[in-house]
Amino acid sequence: VALIGVTGNDIGMQARCREWFATTIDGDARVDPELLSAATRVVATTGDVEMFETMRARFLHATTPQDQLRHLYALADFDDESLLLEACRFAMSGDVKTQNAPFLLRAALANRRHGAAAWLFLRDHWDDAVDRFPSNTIVRMIDSLSLLDSDELVDDTSKFFAAHPIEQATKTLEQILERQRVNARLHTREENWDVGASS
């Protein structure tokens, strides 16, 4: 569902996902939870400011933990950079539990279009995040850094964590940064292959 609706940009699937999402607003629980989770992601990815606020309100007023987290993490899927950054700010607010906020930020780092903007936000708010969030969630919060595969970002994150080590998870941090370097090398190789193939 998410692959067709998001990556495939299938208009019909996007419309169906909005229908499924609307049933939750009406209190209809007949949609399969896994299907609903995928549909919520599609709705968020193709959504606007109004839908962002709907998702946020649904998180704040959810009646079950599943509904709450589904809507919370969907805030990181919006394609609009300003909305993604609003999701990051929301993660740092008192409205999101400190055990959930790091995972909203991790999802923001994985945003298909604006993960780099989420990293810059997190980098600028790093000390606050480390102070606020449980220590065992800090390294998990940055797991999605491995998806930021430009040479510039690899250099930036490497320098940042050389100055801001995560003492309680040194090995895991090294593994994340190594995955990022591997992904960057693969990205560069694929770009060069495309150039060579088209010449």
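Here are the numbers for this structure:
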quantity: Members of region 38-74 found to be open to solvent by 40 Å² or more (accessible area, probe 1.4 Å) and polar (S, T, N, Q), listed by number; calculated: Thr46, Thr54, Thr63, Thr64, Gln66, Gln68
quantity: Residues located in region 75-90, provided they are within 12 Å of Asp48 (Cβ to Cβ) and either among the hydrophobic types (A, V, I, L, M, F, W, C) or open to solvent by less than 40 Å² (accessible area, probe 1.4 Å) (or both); calculated: Phe78, Asp79, Leu83
quantity: Gln99 outside any helix (DSSP H, G or I), open to solvent by 40 Å² or more (accessible area, probe 1.4 Å), touching a residue at least 24 places away in the same chain (Cβ under 8 Å) and of a type outside the set (Lys, Arg); calculated: yes
quantity: Odd one out for Ser82, checked against (1) part of a helix (DSSP H, G or I); (2) among the small types (Gly, Ala, Ser); (3) under 23 Å from Arg16 (Cβ atoms); calculated: (3)
quantity: Residue match in region 161-170 (condition: over 19 Å from the mean Cα position of the chain (by Cα), at pLDDT below 95 and not in a helix (DSSP H, G or I)); calculated: no
quantity: Qualifying position, being in a helix (DSSP H, G or I), farther than 15 Å from Leu120 by Cβ and modelled with pLDDT of 95 or more, among Glu178, Glu190; calculated: Glu178
quantity: Index of the failed condition, Ile11 passing every other in (1) open to solvent by less than 50 Å² (accessible area, probe 1.4 Å); (2) farther than 25 Å from Glu86 by Cα; (3) hydrophobic (A, V, I, L, M, F, W, C); calculated: (1)
quantity: Residues (over 15 Å from the mean Cα position of the chain (by Cα), more than 17 Å from Ser158 (Cβ to Cβ) and not in a loop (DSSP other than H, G, I, E, B)) located in region 104-136; calculated: Asp124, Asp127, Asp128, Ala129, Val130, Asp131, Arg132, Ser135, Asn136
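This table checks each residue for (1) of a type in the set (A, V, I, L, M); (2) more than 19 Å from Ser144 (Cα to Cα).
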{"position": "Glu19", "(1), (2)": "no, yes"}
{"position": "Val49", "(1), (2)": "yes, yes"}
{"position": "Ala57", "(1), (2)": "yes, yes"}
{"position": "Thr64", "(1), (2)": "no, yes"}
{"position": "Glu81", "(1), (2)": "no, no"}
{"position": "Gly94", "(1), (2)": "no, yes"}
{"position": "Gln99", "(1), (2)": "no, no"}
{"position": "Asn111", "(1), (2)": "no, no"}
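The values are calculated or read from the model by the stated rules, or taken from the named source; none is laboratory data. As the structure is a computational prediction, the values presented were derived from the model and not from experiment. Note that we place each Cβ from the backbone using ideal geometry, even for glycine, and neighbour counts take in every protein chain shown. The accessibility values were calculated without ligands, DNA or RNA, using every heavy atom of the protein model including side chains. Shrake-Rupley method; radii C 1.70, N 1.55, O 1.52, S 1.80 Å.
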